[in-house]
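Engineer: Quick one: this structure, given as structure tokens, is what I'll be asking you about.
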Protein chains: 2
Amino acid sequence: MSKVDIGKKMLSENDRLAAENRVRFAEAGLLVLNLISSPGSGKTALLESTLDRLPDGVRVLVIEGDVSTDRDIERVRAHGADGVQINTAGGCHLSAKMVGKVLPDLNLDGADVLFVENVGNLICPSTYDLGEDAKVVLLSTTEGDDKPMKYPAIFHESSVAVINKIDLLPHLTYDIERAEREIGVLNADCDILRVSALKGTGMDEWIAWILRKMKEKRGE
Amino acid sequence: MSKVDIGKKMLSENDRLAAENRVRFAEAGLLVLNLISSPGSGKTALLESTLDRLPDGVRVLVIEGDVSTDRDIERVRAHGADGVQINTAGGCHLSAKMVGKVLPDLNLDGADVLFVENVGNLICPSTYDLGEDAKVVLLSTTEGDDKPMKYPAIFHESSVAVINKIDLLPHLTYDIERAEREIGVLNADCDILRVSALKGTGMDEWIAWILRKMKEKRGE
């Protein structure tokens, strides 16, 4: 079997397992968001800030994906979320199989939203469906405004792009309109939000986006 | 053949081609540095600043690796380097094969240093030898001080860690001593430099590091 055939077989096996996860999530009426970004764009900080701001009564689960360490699951647990950590042992993305394997450790029924924080990598996670409802790409103002066109696949795939660390804009040469324009060229249907997870700016719009998607998922 | 066997075969094939590249670089007496970081840590900005600061008479070549676009090679050419762009068409790292394929397009003889800017990815490039003399890992103060332990492989492999964007430290909660301590735990032999490619801080030490490695390579 050629390398290309092996690659295709791995992806189609992943798609099969993602479909199984998707059925399980639908049974539980659970919104599932797959968070993808470079290392250090602030995925965990966004989750912490989100957990602090979601209305009372919204039950949140988190799956944390990392190459190494369980630091992130400790951080989100401190903000009240139930969750599990997946260590990929060097692997550069989560797979549907890894996610499916930890679902028995989570109490899905009665939960409203599951955040899956993928491994910090703007490339490989874009091609692996986990069974999510939407991919959320996070980018940071400190990374340079040319990232959308340089890493186009994830912007094609995402339902929303969250531009984080806007509180640092006064200290940077980042052209946020350029980044937004490039995202629009790559995917006209991608919502775009400007936030500072640390300072709270724009978090109301992000919370409203999540609540709207939760309602859509429940068919309201 | 199992997935694991295929993976091992691909890596051993890469190692064979990396050894061929290494022979070619040795014949030319050329120092080759493989630059690895997350997207947006400032690899291209570091190269631009380096090109402006290397002594007259040092002949520099650049290979730019990107998933998409040829923006980076245009940037470094504007600072006087000869070079070529490799587009990986979605691929998450450079390979020895990709590098070997563009070497005929570069005039290696009489060149002093070749910078290979890898695809923006802190994970996958760490396992692919390109035939370089040293891996250079670049991290940025805006990415959070917990990155070394979260992405340990590249710190194991690197000869020097360059911590960029130190001019932004007053606006961040980044604990630079923590990051440096973690790098030291992972790899006691890894040199550590603090720079701001944009403002020029620490660039003298980085230039001195390169010149020292050039001398070592020529056996001086």
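No lab work stands behind these numbers, since they all come straight from the coordinates. These numbers come from a predicted model, not from an experiment. Cβ: placed from backbone, ideal geometry, glycine included. Neighbour counts: every protein chain shown.
Engineer: Can you list the HN-Hα couplings for the stretch B:127-144, worked out from phi with the Karplus curve (6.51, -1.76, 1.60; θ = phi - 60°), rounded to whole Hz and with x for Gly and Pro?
Structural biologist: These are the phi-based 3J(HN,Hα) values: 9, 10, 5, 9, x, 6, 7, 8, 8, 10, 9, 10, 10, 10, 4, 7, 8, x Hz.
Engineer: While we're here: Once you put a point 7 Å from the Cα of B:Glu177 and another 7 Å from the Cα of A:Arg212, both along the Cβ direction, what distance in nm separates them?
Structural biologist: 4.7 nm
Engineer: Taking B:Asp175 in one copy and the same position in all the others, each labelled 7 Å out along Cα→Cβ, what are the pairwise distances from the first, in nm, shortest first?
Structural biologist: Distances to the matching label points in the other copies: 3.9 nm.
Engineer: Could you work out the relative contact order of chain B, using alpha carbon pairs under 8 angstrom and six or more residues apart, expressed as a whole percent? Mind dumping the intermediate values first?
Structural biologist: Numbers: 408 pairs, mean separation 54.1, N = 220.
Contact order relative to length: 25 percent.
Engineer: Treating only the Cα positions of the protein assembly as shown as identical point scatterers, give the base-10 log of I(q)/I(0) from the Debye formula at each q in 0.10, 0.11 Å⁻¹.
Structural biologist: Here the Debye-derived log intensity ratios amount to -0.71, -0.85.
Engineer: Net charge within 12 Å of A:Ser159 by Cβ-Cβ distance, Lys/Arg positive one each and Asp/Glu negative one each, not counting A:Ser159 itself? Show your work: numbers first, answer last.
Structural biologist: Details: positive: A:Lys135, A:Arg212, A:Lys213; negative: A:Glu132, A:Asp133, A:Glu157, A:Asp189, A:Asp191, A:Glu216.
With Lys, Arg at +1 and Asp, Glu at -1, the net is -3.
Engineer: Taking chain B as a Gaussian network, Cα atoms linked when under 10 Å apart, which of B:Met98, B:Met149, B:Met203 shows the biggest mean-square fluctuation?
Structural biologist: Sorting by GNM fluctuation, first place goes to B:Met149.
Engineer: Follow-up question, since we're still on this one. Once the other residues with Cβ under 15 Å from the Cβ of B:Glu220 are scored (Lys, Arg +1; Asp, Glu -1), what is the net sum?
Structural biologist: On the way: positive: B:Arg212, B:Lys213, B:Lys215, B:Lys217, B:Arg218; negative: B:Asp112, B:Asp133, B:Glu216.
Around B:Glu220, the surrounding residues sum to +2.
Engineer: Shortest first, in nm, what separates the label point of A:Val58 from those of the same position in the other copies (7 Å along Cα→Cβ)?
Structural biologist: Once sorted, the set of distances for A:Val58 reads 5.2 nm.
Engineer: Can you work out ³J(HN,Hα) from phi for every residue in the stretch A:214-220, in order, using Karplus 6.51 cos²θ - 1.76 cosθ + 1.60 and θ = phi - 60°, giving whole Hz and x for Gly and Pro?
Structural biologist: 4, 4, 4, 5, 7, x, 7
Engineer: Same structure again: Can you give the convex hull volume per residue for the Cα atoms of chain A, as a whole number of Å³?
Structural biologist: Numbers: hull volume 28.1 nm³, N = 220.
Given the Cα convex hull of chain A, per-residue volume reads 128 Å³.
Engineer: From the label point of A:Thr69, set 7 Å from Cα along Cα→Cβ, how far away are the matching label points in the other copies, in nm, ordered shortest to longest?
Structural biologist: Computed spacing set for this position: 2.9 nm.
Engineer: From the phi angles alone, apply the Karplus equation (6.51, -1.76, 1.60; θ = phi - 60°) to the stretch B:183-199 and give each ³J(HN,Hα) in whole Hz, x where the residue is Gly or Pro.
Structural biologist: 4, x, 5, 6, 7, 5, 8, 7, 5, 10, 10, 9, 9, 10, 4, 6, 8
Engineer: Okay, moving on. In the Gaussian network model of chain A, springs joining C-alpha atoms below 10 Å, which of A:Leu122, A:Leu172, A:Leu114 carries the largest mean-square fluctuation?
Structural biologist: A:Leu172
Engineer: List nothing, just return the count: lysine pairs in chain A, 8 or more apart or interchain, with Cα separation under 21 Å.
Structural biologist: 21
Engineer: A further question follows. If amide hydrogens are placed 1.01 Å from N in the peptide plane, which non-local residues have theirs closer than 5 Å to the one on B:Ala134?
Structural biologist: Correct list: B:Val32, B:Asn34.
Engineer: Given springs between every Cα pair under 10 Å in a Gaussian network model of chain B, which of B:Pro104, B:Pro125, B:Pro148 has the largest fluctuation?
Structural biologist: B:Pro104
Engineer: Could you tell me the calculated FRET efficiency between B:Asn107 and A:Val102, based on Cβ-Cβ distance and R0 = 45 angstrom, to the nearest 0.05? Could the numbers behind the result be given before it?
Structural biologist: Details: r = 53 Å, r/R0 = 1.18.
Efficiency for this residue pair is about 0.25.
Engineer: Rounded to the nearest Å, what's the spacing between the alpha carbon centres of the stretch B:7-69 and the stretch B:157-220? Just the number, please.
Structural biologist: Comparing the Cα centres of the stretch B:7-69 and the stretch B:157-220, I get a distance of 17 Å.
Engineer: At what distance in angstrom do the alpha carbon centres of the stretch B:72-120 and the stretch B:125-142 lie from each other?
Structural biologist: Cα centres, the stretch B:72-120 to the stretch B:125-142: 14 Å.
Engineer: Note the full-extension length gain between A:Asn87 and A:Thr127 as 0.36 nm times their separation in residues minus their Cα-Cα distance, in nm to one decimal. Each step should come with its number before you reach the end.
Structural biologist: Values: separation 40, 0.36 × 40 = 14.40 nm, distance 1.91 nm.
My answer for the length gained is 12.5 nm.
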